[in-house]
């Protein structure tokens, strides 16, 4: 069976009324494995770090053949699991059969362009390069156009779920034309959690949907962080870890992020020991810029980015400037002032009057 015939042979409908859903999911997974065996159950990986390496280990455990390259040399654990290591990019052509698929797991930036060009020079027309990093979707559209002129397919693959997802089942958002998608889709479905795969659209769509995902993530992180801040500042001492535990069970806000928050809060004995400086790789900045071009208001996501920037500002020159102007027009004192605090807390006697 040709790789692109895979999708056409999948069942179009599944009757749920008289069947056990778990049995149906199990049967569908076995069907995908059968089709994958008939198509291609091998792929290459460049970058065997936290994401690429753990994805390779998951694939090897599921009897997929993985050919890997990394500058530092493959770890013994991967070699022991069956990874086929190559010492140069030329090895992909020798170790993989056409239509080859090579997954790229390196940080976004100019290095991605250089690596794609180097790989394209070693591969044949019709082979597929898959960018699995957090590249900007506009860059992915440009890379698709450039590689297409060389006869190389390009797929932009947003990957979520972190290290745990790469190791045990990830979430994939793919962007690309149907032919290369059909070749790699059986592999992606096998390495994803149940339901954790989508062919989001044409080239660029995979990285755009992952970028939106990252923006949503930032908004959620900010909201959870603010909530924990409120819990810690309540008038009476609260068992914050126990409150977070409770949130995890049955509440509207239960989520993996709440799970991680409780785990980290307990293991660190609260938040006081954690530096307040929050670093990030800048993807959501791109999304805020995109929203301005698209004229789509995203106040929560935008403010979450501003809060990250504020976390890094030890100098707080802006605050000093405000203090200087307030001192100039109103004689307001510099620094903390008990009288001002008392007025802020006691100045209003009653509440709002209708």
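Restricting to region 178-211, name every residue that is more than 26 Å from residue 255 (Cα to Cα) and part of a helix (DSSP H, G or I).
From region 178-211, those more than 26 Å from residue 255 (Cα to Cα) are 178-187, 201-204; that's our starting set.
178, 179, 180, 181, 182, 183, 184, 185, 186, 187, listed by residue number.
Tell me, which residue of region 224-256 that is in a loop (DSSP other than H, G, I, E, B) and closer than 27 Å to residue 280 by Cα is farthest from the chain's Cα centre (by Cα)? Spell out how you get there, then give the answer.
Within region 224-256, the subset in a loop (DSSP other than H, G, I, E, B) is 233-239, 248-255.
Among the residues that remain, those that are also closer than 27 Å to residue 280 by Cα are: 233, 248, 253-255.
On the way: 233: 32, 248: 22, 253: 20, 254: 19, 255: 16 Å.
Per the criteria, the residue is 233.
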Within the bounds of region 212-223, is there any residue that is more than 22 Å from residue 288 (Cα to Cα), assigned to a helix (DSSP H, G or I) and over 18 Å from the mean Cα position of the chain (by Cα)? no
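From the list 284, 278, which one is outside any loop (DSSP other than H, G, I, E, B), surrounded by 12 or more Cβ atoms within 10 Å (Cβ to Cβ) and under 23 Å from the mean Cα position of the chain (by Cα)? Spell out how you get there, then give the answer.
Numbers: 278 fails: outside any loop (DSSP other than H, G, I, E, B).
Only one candidate qualifies: 284.
The numbers here are math on the coordinates, done by the rules we state, and not lab data. Every value quoted in this text rests on a predicted model; they were computed, and no experiment measured them. Cβ atoms come from the backbone with ideal geometry, glycine included; neighbour counts cover every protein chain shown.
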